[in-house]
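Q: Below are the structure tokens for one structure; questions will follow.
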Amino acid sequence: MFMNQLQITLNKIKNVKIQGANAIALASLNTLAKYAQTLKEGNFRENRVKLLSAISQLSLVRPTEPFNQNLLRSISAIINQNKISAAGDFKELITGRCSFLKKLINDNAAKIAVHGSKLVRTGQKIFTHCHSKTVEDIFIKAKKQNKVFSLFNTETRPLFQGRITAKNLLEHKIPVTMVADSAAEFLISETSGKDLMMDLVILGADAILPDGSIINKIGSYGIALSCFYTKVPLYIACSLLKLDADGVITIELRSEQEIWPHKPKNLRIINFAFDKIPAQFITGFITEFGLIKPRQAFKLAKSHYPWIK
Ligand code: RUB
């Protein structure tokens, strides 16, 4: 019965109905905690295999998500270290760890919102891309501090996550202007004119690499390049739990159908979900520990979260 619930979450994550690194990690932890409750007394080996298999499926459903993977890996490490046999103990262990990690995610997001809101000033034109809950929380926090600023964002094709950002921020009475993805670099540049040139760009991240570069929604590289060339500050808002300590990241390739459902037969389509922003283009990271330089991220993440692989 609950197998269905696991499958439902996996499908929602795969189909980007649940999207963004934070939401994916929270959905994984909620599902795993509920899944643990369905374990039956008796077969210790089977319970362990079931849990590890659920963790593995949740970890792999979006390959470019070290945040989700780091958190889930910490749970499989605990399962493997403990000599637990009773199903009741498994349930307690998994539920406890999932609650701890969910609290950590939410506490970190709240701290990032506070640190990030300090960068937002009245009168600014600020740009973002895709939908990042972390970035959205910064703008909502700044609005609650009575700062008056204008937000500009992209549609974020092919799945239009930019619409989620626009709708949510409009609900908080923040003025939003949307542009096509291909207009982003122009808008940020001086050529768009004084009234439209951006003052600040804040993006989210799916992964931090050991050299301080990051992985985020496809299109982020061009936006960062434009910021670098035009000298517009670019900040990345993300928890250091997004560190991919190996630095060997797979860029998720998604279905051709997302780009053109009934494409001509011989047309090849490559649908990259993410791209990479080199560290040199990034002004700073907005993290749970405050503003840091990209080169500081790896050491800081390892020292605060030694359990990251
Ligand atoms: C979402 C995306 C977001 C990051 C950060 O991509 O690239 O910027 O995941 O999000 P997708 P958050 O829509 O393909 O999941 O700050 O919410 O963790």
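Q: 7 Å from Cα along Cα→Cβ at both Lys144 and Ser53: what's the point-to-point distance in nm?
A: Result: 4.3 nm between the two label points.
Q: If you take the Cα atoms of the stretch 158-205, find Rg, then find the Kirkwood Rh from the mean of 1/r over all pairs, what is Rg/Rh?
A: Numbers: Rg = 11.9 Å, Rh = 12.2 Å.
Looking at the stretch 158-205, the ratio lands at 0.98.
Q: With a ≥ b ≥ c the root eigenvalues of the C-alpha gyration tensor of the stretch 2-110, is it rounded (a/c under 1.5), prolate (a/b larger than b/c) or oblate? All intermediate terms of the calculation are to be shown ahead of the outcome.
A: Details: a/c = 1.96, a/b = 1.46, b/c = 1.35.
Prolate, since a/c reaches 1.5 and a/b exceeds b/c.
Q: Oh, and also: Quick check on the exposure proxy: order Ile140, Ile75 from fewest to most C-beta atoms within 10 angstrom. Before the final figure, lay out each step's value.
A: Details: Ile140 17, Ile75 25.
The fewest-first ordering by Cβ neighbours comes to Ile140, Ile75.
Q: How much length is gained if the chain between Thr250 and His172 is pulled fully straight, taking 0.36 nm per residue apart and subtracting their Cα-Cα distance, in nm to one decimal?
A: On the way: separation 78, 0.36 × 78 = 28.08 nm, distance 3.56 nm.
Extending this stretch completely gives an extra 24.5 nm.
Q: Collect residues whose amide H, placed 1.01 Å from N in the peptide plane, falls under 5 Å from the amide H of Gln124; neighbours closer than 5 in sequence don't count.
A: Ser150
Q: If I take the Cα coordinates of the stretch 215-307 and project them onto the principal axes, what are the three extents in Å, biggest first?
A: If we take the Cα atoms of the stretch 215-307, the spans are 51, 37, 18 Å.
Q: If you don't mind, there's one more thing I want to ask. If R₀ is 51 angstrom, what is the calculated FRET efficiency for the pair Lys40 and Lys302, using the beta carbon separation as r and rounding to 0.05?
A: On the way: r = 39 Å, r/R0 = 0.76.
Efficiency, rounded to the nearest 0.05: 0.85.
Q: Using 0.36 nm per residue, how much length does the chain from Asp195 to Glu258 gain when fully extended, once their Cα-Cα distance is taken away?
A: 19.2 nm
Q: Hey, another quick one. For a quick check: sort Phe44, Phe289 by the number of other beta carbons within 10 angstrom, fewest at the front. Working shown, then result.
A: Numbers: Phe44 16, Phe289 19.
Ordered by Cβ neighbours within 10 Å, fewest first: Phe44, Phe289.
Q: Then there is this: Relative to the present Cα-Cα distance, how much length would full extension add between Lys118 and Lys309 at 0.36 nm per residue of separation?
A: Values: separation 191, 0.36 × 191 = 68.76 nm, distance 3.20 nm.
Roughly 65.6 nm would be gained on extension.
Q: Could you tell me what percent of the DSSP beta bridges with both partners in the chain are antiparallel, to the nearest 5?
A: Details: 11 of 28 bridges.
In the chain, approximately 40 percent of DSSP beta bridges are antiparallel ones.
Q: Sequence neighbours fewer than 8 away in the same chain don't count; with that in mind, list the aspartates and glutamates whose C-alpha is under 15 Å from Lys299.
A: Partners found: Asp211, Asp244, Asp246, Glu288.
Q: Can you run phi through the Karplus equation (6.51, -1.76, 1.60; θ = phi - 60°) for the stretch 40-51 and list ³J(HN,Hα) in whole Hz, with x for Gly and Pro?
A: Once θ is set to phi - 60°, the couplings for the stretch 40-51 become 9, 4, x, 8, 4, 4, 5, 4, 4, 4, 4, 5 Hz.
Q: Sorting Ser74, Ser56 on the 10 Å Cβ count, fewest up front, what's the list?
A: On the way: Ser74 17, Ser56 13.
Taking fewest neighbouring Cβ atoms as first place, the list is Ser56, Ser74.
Every read-out reported here was derived from the displayed coordinates using simple, explicitly stated rules and does not represent laboratory data. Note that the structure is a prediction, hence the values are computed from the model and not measured. Every residue, glycine as well, gets a Cβ built from its backbone with ideal geometry; the counts of neighbours run over all protein chains shown.
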